[in-house]
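First the structure, in the form of structure tokens, and then the observations on it.
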Amino acid sequence: VTVSHPLYREVIEWDEYTGHLEAPETVNVAARVSGFIEEAHFQEGSIVNKDNVLFVIDDRQFKADLNSKVADVAKAQSQADLALIHLKRFDKVHQTRAISEEDYDTAKASYDQCLSVLAAAKAAAEVSRLNLEWTRVVAPISGRVSRMEVTPGNLVNGGVGQATLLTTIVSIDPMYCY
């Protein structure tokens, strides 16, 4: 009978499973404003960092709109200043009862109305500033960028529900295995 002595060695246990890798974050990058794509600042399949500029949309109309809204704010501010001056004058005269209550109330209402117009003009200017800012499409997360769905020279639609898909970014660190 042949006999052999047992061998002592380290054994690595392993199993085989099926699965797939998936990124925890995936972002569809879409246009927020409409216009022509002027530039694309990435290569398909490359790694991009958060806040990198990916696309540049023609911003000339948005600059002009912002300038118009800033002028509207200045106009509304000057009208509010003038209405305040009239109200202060009427207030002095009102205390001596030299003007009617109606004239004083009209001056006060005119000033309040000018303040409302000023607030609306400031809000419109802020919307225009945001639209101008959105002409630079930036990466919302760091990760690997997919292919360009739209190349420079094409017209894209912006807005909710109708925005043109520009590209997709998936995070690469960490990755989950399912």
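The values are calculated or read from the model by the stated rules, or taken from the named source; none is laboratory data. As the structure is a computational prediction, the values presented were derived from the model and not from experiment. Cβ atoms come from the backbone with ideal geometry, glycine included; neighbour counts cover every protein chain shown. Protein only, heavy atoms only, side chains kept; ligands, DNA and RNA dropped before computing areas. Shrake-Rupley method; radii C 1.70, N 1.55, O 1.52, S 1.80 Å.
Being without any contact (Cβ under 8 Å) to a residue 60 or more places away in the chain and surrounded by 12 or more Cβ atoms within 10 Å (Cβ to Cβ), is that true of even one residue in the stretch 17-36? For the stretch 17-36, residues without any contact (Cβ under 8 Å) to a residue 60 or more places away in the chain and surrounded by 12 or more Cβ atoms within 10 Å (Cβ to Cβ): absent. Hey, does the stretch 66-77 have a residue that's surrounded by 12 or more Cβ atoms within 10 Å (Cβ to Cβ), part of a loop (DSSP other than H, G, I, E, B) and more than 18 Å from the chain's Cα centre (by Cα)? Looking for residues that are surrounded by 12 or more Cβ atoms within 10 Å (Cβ to Cβ), part of a loop (DSSP other than H, G, I, E, B) and more than 18 Å from the chain's Cα centre (by Cα), one finds none in the stretch 66-77, hence no. Of everything listed in (1) at pLDDT 95 or above; (2) assigned to a helix (DSSP H, G or I), the single unmet condition for residue 56 is (2). The residue pairs whose first member lies in the stretch 89-108 and is more than 19 Å from residue 79 (Cβ to Cβ) and without any contact (Cβ under 8 Å) to a residue 40 or more places away in the chain, whose second member is open to solvent by less than 70 Å² (accessible area, probe 1.4 Å) and in a loop (DSSP other than H, G, I, E, B), and whose beta carbons are closer than 7 Å, counting only pairs six or more residues apart or on different chains, are 93/99. In the condition set (1) open to solvent by less than 60 Å² (accessible area, probe 1.4 Å); (2) aliphatic (A, V, I, L, M); (3) over 23 Å from residue 61 (Cα atoms), residue 132 is compliant with all but (3).
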